[in-house]
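**Q** Here's a structure for you.
The values are calculated or read from the model by the stated rules, or taken from the named source; none is laboratory data. These figures come from a predicted structure and were not determined experimentally. Virtual Cβ from ideal backbone geometry, glycine too; neighbours counted across all protein chains shown. Side chains included, ligands, DNA and RNA excluded: accessible areas come from the protein's heavy atoms. Shrake-Rupley method; radii C 1.70, N 1.55, O 1.52, S 1.80 Å.
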Amino acid sequence: MLYYDVLSTALVKRPQHVGLLEISCLMNDLSPPQFNDRSTTLNLLKTRRSGKSKTMSAPGPNAEEVEALISIGLRVPDHGKIAPWRFVVIEGDDQSRFSAALTALYKAEKPDAPALELKAIEDFPLAAPTLIAVLSRVNHERTIPAWEQELSAGAACQNMLIAAHAMGYHGQWLTGWSAYADGVTALLGGEPSDKVAGYLFFGTVQEALKERPRPEANEVSWRLP
């Protein structure tokens, strides 16, 4: 009868927040919610959780799966049919080459950078078996607002993360200095006006995922006044 007591407590304390998924968890051995539950599309979206790239190792997506990830990334809202995104796959030896190029760029910007900073830049592209850089490429000749085109690139990143989870892998979307530094898009083979929407790391996390603080839906939403 223990689960009834726990469920009753949850309903009393925050009845508006106890959904079917939580009730199911409370009534099944009191186990915590499963992350990236692939049983249904809706459950995957409800339980989506990134993994830390620093804890990822093989296996990662194979060549066919990488192509599928990019194809899924294309299936996003794209006002004006502009295709305002580009994808750069960085794997194997290319990760080492990109790491060296990033480190050289950082040294040029900060000649006196301490060793720990340089190490962090050097290690960044090497964290997971597969790395895909997503570039936002705004077409300023079109009347579609730049903001909408940039949002489309962000949507592509999220599509690819969810697709990787659906394949059984883990993913993480990161930015930082390596995304915003002058000269980075040239290293990636992009155009001067391109922006890095994000680096997507894919692999298999070797430690248990943990939940992060998240607001309740009613804390960040409201009905039209």
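**Q** Go through (1) in a loop (DSSP other than H, G, I, E, B); (2) open to solvent by 40 Å² or more (accessible area, probe 1.4 Å); (3) over 24 Å from Ser136 (Cβ atoms); (4) at pLDDT 50 or above and name the single condition Asn36 misses.
**A** Only one criterion in (1) in a loop (DSSP other than H, G, I, E, B); (2) open to solvent by 40 Å² or more (accessible area, probe 1.4 Å); (3) over 24 Å from Ser136 (Cβ atoms); (4) at pLDDT 50 or above is unmet by Asn36, namely (2).
**Q** Could you tell me whether Ala197 is in contact with a strand residue (DSSP E or B) (Cβ under 8 Å, 6 or more places away or on another chain), open to solvent by less than 10 Å² (accessible area, probe 1.4 Å) and touching a residue at least 40 places away in the same chain (Cβ under 8 Å)?
**A** No, not satisfied.
**Q** While we're on this one: Can you name every residue in segment 178-194 that is open to solvent by less than 60 Å² (accessible area, probe 1.4 Å) and either basic (Lys, Arg) or assigned to a helix (DSSP H, G or I) (or both)?
**A** Ser178, Ala179, Val184, Thr185
**Q** Turning to a different aspect of this structure: Do any helices (runs of 4 or more DSSP H) entirely within segment 47-166 hold 3 or more residues that are on the phi > 0 side of the Ramachandran plot and modelled with pLDDT under 95, and if so, which?
**A** So the answer is none; nothing clears 3.
**Q** If you don't mind, another one. Of all residues in segment 77-93, which are more than 21 Å from Glu141 (Cα to Cα) and in contact (Cβ under 8 Å) with a residue 40 or more places away in the chain? Before you say what the answer is, go through the steps one by one.
**A** Filtering segment 77-93 for residues more than 21 Å from Glu141 (Cα to Cα) gives 87-93.
Hits for segment 77-93 are Phe87, Val88, Val89, Ile90, Glu91.
**Q** Right, next: For segment 101-132, give me the residue count where each residue is surrounded by fewer than 18 Cβ atoms within 10 Å (Cβ to Cβ) and in contact (Cβ under 8 Å) with a residue 12 or more places away in the chain.
**A** Final tally of qualifying residues: 6.
**Q** If Ala155 satisfies all but one of (1) open to solvent by 70 Å² or more (accessible area, probe 1.4 Å); (2) within 19 Å of Glu67 (Cα to Cα), what's the number of the condition it fails?
**A** Ala155 satisfies every listed condition except (1).
**Q** Residues to consider are Gln172, Gln206; find the one that is farther than 15 Å from Ser136 by Cβ, polar (S, T, N, Q) and either at pLDDT 95 or above or surrounded by 14 or more Cβ atoms within 10 Å (Cβ to Cβ) (or both).
**A** Gln172
**Q** Quick check, is Pro145 farther than 30 Å from Asn62 by Cβ, surrounded by 11 or more Cβ atoms within 10 Å (Cβ to Cβ) and without any contact (Cβ under 8 Å) to a residue 40 or more places away in the chain? Spell out the reasoning first.
**A** Numbers: farther than 30 Å from Asn62 by Cβ: yes; surrounded by 11 or more Cβ atoms within 10 Å (Cβ to Cβ): yes; without any contact (Cβ under 8 Å) to a residue 40 or more places away in the chain: yes.
Spelling it out, Pro145 is indeed farther than 30 Å from Asn62 by Cβ, surrounded by 11 or more Cβ atoms within 10 Å (Cβ to Cβ) and without any contact (Cβ under 8 Å) to a residue 40 or more places away in the chain.
**Q** Let me ask another. In segment 202-217, how many are among the polar types (S, T, N, Q) and either more than 15 Å from the chain's Cα centre (by Cα) or outside any strand (DSSP E or B) (or both)?
**A** At the first step, the residues of segment 202-217 found to be among the polar types (S, T, N, Q) are 204, 206.
Cutting the leftovers down to either more than 15 Å from the chain's Cα centre (by Cα) or outside any strand (DSSP E or B) (or both) gives us 206.
So the answer is 1.
**Q** In this structure, is Val6 open to solvent by 80 Å² or more (accessible area, probe 1.4 Å), modelled with pLDDT under 95 and part of a helix (DSSP H, G or I)?
**A** For Val6, the condition - open to solvent by 80 Å² or more (accessible area, probe 1.4 Å), modelled with pLDDT under 95 and part of a helix (DSSP H, G or I) - is not met.
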